[in-house]
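The values are calculated or read from the model by the stated rules, or taken from the named source; none is laboratory data. Bear in mind that the values here come from a model prediction, so they are computed numbers and not experimental data. Methodologically, a virtual Cβ is constructed for each residue, glycine included, from the backbone with ideal geometry; neighbour enumeration extends over all protein chains shown.
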């Protein structure tokens with residue numbers, strides 16, 4: 001884009017602008033805030049971690065591991081550090097799925113724990129660095145427990161959490177690791193034990209842990225109990241989730257003021273047509289304020305969505321959003337044929353795969 005010389009721009013404004021428009025025209029746009037070194041380092045790590053054209057193998061694993069550990073040591077107290085810790089620990093699972101890749105996942109975790117051991121022996125570590133590395137130790141132990149599903153690996157996971165909890169400022173990482181342990185217990189097919197586990201954490205001294213436990217108990221209830229909702233849709237028709245039992249129900253959260261989520265509604269129409277006869281139902285939840293009701297009405301009228309839409313003007317404070325901890329759009333929750341939640345936080349690009357899995361379609 002080319003810009004006029006300041007003098008020419010000024011002359012042009014005086015020649016054609018009114019006094020009021022001149023005032024606004026001379027006000028420069030607000031500059032985007034400069035990114036901090038930590039933000040730039042996080043972007044660099046993410047680019048390495050998510051490189052699509054990277055060749056799988058030991059060199060790739062070492063590159064990701066080094067980039068992650070370097071960030072953790074350089075910015076141990078940064079808000080992104082816990083994200084990087086989880087990303088490093090979960091790299092093998094997310095990029096080497098399937099039984100055939102089990103040896104590769106084990107090799108990555110072994111290398112990661114060996115690298116961590118060397119870093120923790122350093123004598124120049126600050127307290128923040130020592131804490132962040134202890135958190136990484138917990139995360140890697142959790143990844144190993146999920147991989148091996150053995151009593152020994154679960155015991156190690158628990159012991160690492162106990163060790164971390166005794167360190168100063170452990171609250172920065174503790175609630176996330178305790179949640180991961182509870183999720184591990186649930187995925188072993190022991191939901192009742194997971195409930196007992198979170199119920200004990202409700203009395204924890206750390207408020208972050210308490211809040212996490214209450215949220216997870218609500219999500220566990222959603223997984224174990226059919227959705228209880230009844231409402232009148234925007235077109236005046238009654239909707240009762242009890243009558244949807246026996247079908248896969250995709251609850252899609254969106255807003256007419258959020259372009260990506262609105263576009264996802266349009267794209268979903270074809271998916272709905274393809275799988276409706278095979279047992280799919282869709283319920284839309286419009287998460288927008290009352291001030292945007294006119295935009296919602298206009299969108300529904302023009303796009304003619306073929307499923308019922310729930311709207312109450314409460315954004316994410318409605319019961320149907322809070323039950324599944326929905327806080328942003330686009331978002332979706334999938335209910336199984338028994339009416340209970342299978343998964344929450346589903347992005348649009350995962351809709352079809354999840355739907356086919358529930359409906360038993362290959």
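Is it the case that residue 277 is in a helix (DSSP H, G or I) and either out of contact with any strand residue (DSSP E or B) (no Cβ under 6 Å at 6 or more places or on another chain) or surrounded by fewer than 17 Cβ atoms within 10 Å (Cβ to Cβ) (or both)? The answer is yes for residue 277. Given the options 222, 227, name the one that is touching a residue at least 40 places away in the same chain (Cβ under 8 Å) and outside any helix (DSSP H, G or I). After applying the criteria, what remains is 227. For residue 185, the stated conditions do not hold, so it cannot be described as part of a helix (DSSP H, G or I) and modelled with pLDDT under 95. Looking only at region 233-256, decide whether some residue is surrounded by fewer than 16 Cβ atoms within 10 Å (Cβ to Cβ), in contact with a helix residue (DSSP H, G or I) (Cβ under 9 Å, 6 or more places away or on another chain) and assigned by TED's automatic domain parsing to the domain that holds residue 303. Yes, region 233-256 contains at least one residue that is surrounded by fewer than 16 Cβ atoms within 10 Å (Cβ to Cβ), in contact with a helix residue (DSSP H, G or I) (Cβ under 9 Å, 6 or more places away or on another chain) and assigned by TED's automatic domain parsing to the domain that holds residue 303.
Scanning region 195-210 for residues being closer than 14 Å to residue 173 by Cα and in a helix (DSSP H, G or I) gives a total of 4. Taking region 155-178 as the range and being closer than 20 Å to residue 76 by Cβ and free of Cβ contacts under 8 Å to residues at least 12 places away in the same chain as the test, the residues that pass are 165, 166.
Looking at region 302-342, which of the residues that are in a helix (DSSP H, G or I) and over 16 Å from the mean Cα position of the chain (by Cα) is surrounded by the most Cβ atoms within 10 Å (Cβ to Cβ)?
Let us first name the residues in region 302-342 that are in a helix (DSSP H, G or I), namely 302-303, 319-322.
Now restrict to residues that are over 16 Å from the mean Cα position of the chain (by Cα): 302-303, 319-320.
Working: 302: 8, 303: 13, 319: 11, 320: 22.
Only one residue tops the list, namely 320.
When the residues of region 141-161 are narrowed to those that are under 22 Å from the mean Cα position of the chain (by Cα) and crowded, with 18+ Cβ neighbours inside 10 Å, which ends up nearest to residue 94 (Cα to Cα)?
As a first pass, look at region 141-161 and keep what is under 22 Å from the mean Cα position of the chain (by Cα): 141-147.
Now drop any that are not crowded, with 18+ Cβ neighbours inside 10 Å, which leaves 141-146.
Details: 141: 16, 142: 14, 143: 11, 144: 14, 145: 15, 146: 13 Å.
Applying the filter and picking the extreme gives 143.
Criterion applied to 67, 106, 89, 74 was being under 20 Å from residue 180 (Cα atoms) and modelled with pLDDT of 95 or more, and the one residue passing it is 89. For region 230-268, the tally of residues that are under 15 Å from residue 297 (Cβ atoms), touching a residue at least 12 places away in the same chain (Cβ under 8 Å) and outside any helix (DSSP H, G or I) stands at 7. Scan region 90-121 for residues that are assigned to a helix (DSSP H, G or I), under 24 Å from the mean Cα position of the chain (by Cα) and either outside the structural domain of residue 66 (by TED's automatic domain parsing) or over 18 Å from residue 70 (Cβ atoms) (or both) and the total you get is 6.
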